[in-house]
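Structure first, then comments.
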Amino acid sequence: MLDLDHPLTPHVFAASRQIDMILDIAKRLTVSDATGRRLLVQTAAPCFAALRWLNEAHFEKSPAIAASIDGLDVQLKVLAEQPASLPTGTGRRRVCGVCGDRITRANSYQPEFCSECLKTLHPALMAVESCEEGFGTEAI
C-alpha cells in the first residue's frame, strides 16, 4: 500500500497518470490502421518524456526505472509495427484484423481494443509499474 505521507507519493501518482495514458493509447493502437498507429505512437511521446523527467527529477535518475521506461517505449513501437488491419465483423463478433482474437467492446471507461495484441505490452508495463524496477504504481 502506498504511504500517502511519503514525499514521493505525488510523483508516483503523476507517473501513474502517464502510464495510464500510455495504456489507453496502446489499446486504441490495437484497433487502428497504419496511419493511426503512427499517430498514436507520436501521441505517446510526451507521456514517455514526462516519465523520464519524473525519474530524473524525483527518483534519483534510477537506472532500473530508466530501463523500464525504455522497455515500454520499445514495446509500444513494436506493437505499432504489427501488420495493421482494422477489426472485421460487427457487434459482438468483431475480431482483430491482426491476430483474429475477439475485440473487447468499448464502454464508457475504456476504448475497444484487442486484448491478445495488448498482451505483448504486458511485461514492459508491469516493469514500469513495479516497486523494484519502476515507479511503484502497483502499490496504488
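When you scan region 107-114, do you find a residue that is farther than 22 Å from E56 by Cα and more than 16 Å from the chain's Cα centre (by Cα), even just one? Don't jump to the end; show me each part of the working.
If we filter region 107-114 for residues that are farther than 22 Å from E56 by Cα, which is where we start, we get 107-114.
So of that shortlist, the ones also more than 16 Å from the chain's Cα centre (by Cα) come out as 107-108.
The answer is yes; a qualifying residue exists.
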Qualifying residue in region 113-120 (condition: surrounded by fewer than 15 Cβ atoms within 10 Å (Cβ to Cβ) and not in a helix (DSSP H, G or I)): no
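Yes or no: V41 surrounded by 14 or more Cβ atoms within 10 Å (Cβ to Cβ), among the hydrophobic types (A, V, I, L, M, F, W, C) and modelled with pLDDT under 95?
On the way: surrounded by 14 or more Cβ atoms within 10 Å (Cβ to Cβ): yes; among the hydrophobic types (A, V, I, L, M, F, W, C): yes; modelled with pLDDT under 95: no.
When the stated conditions are applied, V41 does not pass them.
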Condition first: in a loop (DSSP other than H, G, I, E, B) and either modelled with pLDDT of 95 or more or touching a strand residue (DSSP E or B) at 6+ places or on another chain (Cβ under 8 Å) (or both). Can you find one or more residues in region 18-34 that meet it? yes
Within region 35-55, identify whether any single residue is assigned to a loop (DSSP other than H, G, I, E, B), free of Cβ contacts under 8 Å to residues at least 12 places away in the same chain and hydroxyl-bearing (S, T, Y), and answer yes or no. no
Subset of region 109-136, residues of a type in the set (S, T, Y) and modelled with pLDDT under 95, comes to Y109, S115, T120
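Limited to region 128-139, what total is found for residues that are within 17 Å of L54 (Cα to Cα), open to solvent by 20 Å² or more (accessible area, probe 1.4 Å) and touching an Asp or Glu at 6+ places or on another chain (Cβ under 9 Å)? Walk me through how you get there before you give the answer.
Step one: list which residues in region 128-139 are within 17 Å of L54 (Cα to Cα), which gives 128-138.
After this cut, where a residue has to be open to solvent by 20 Å² or more (accessible area, probe 1.4 Å) as well, the list is 129, 131-133, 138.
Next, from what is left, pick out any that are touching an Asp or Glu at 6+ places or on another chain (Cβ under 9 Å): 129, 131, 138.
Within region 128-139, residues that are within 17 Å of L54 (Cα to Cα), open to solvent by 20 Å² or more (accessible area, probe 1.4 Å) and touching an Asp or Glu at 6+ places or on another chain (Cβ under 9 Å) number 3.
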Of everything in region 84-112, what is among the hydrophobic types (A, V, I, L, M, F, W, C), without any contact (Cβ under 8 Å) to a residue 24 or more places away in the chain and part of a loop (DSSP other than H, G, I, E, B)? Give them in sequence order. C99, A106
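The values are calculated or read from the model by the stated rules, or taken from the named source; none is laboratory data. For clarity, every value in this text was computed on a predicted model and none was experimentally measured. Backbone-built Cβ (ideal geometry, glycine too); neighbour counts: all protein chains shown. Surface areas here come from the heavy atoms of the whole protein model, side chains and all, with no ligands, DNA or RNA. Shrake-Rupley method; radii C 1.70, N 1.55, O 1.52, S 1.80 Å.
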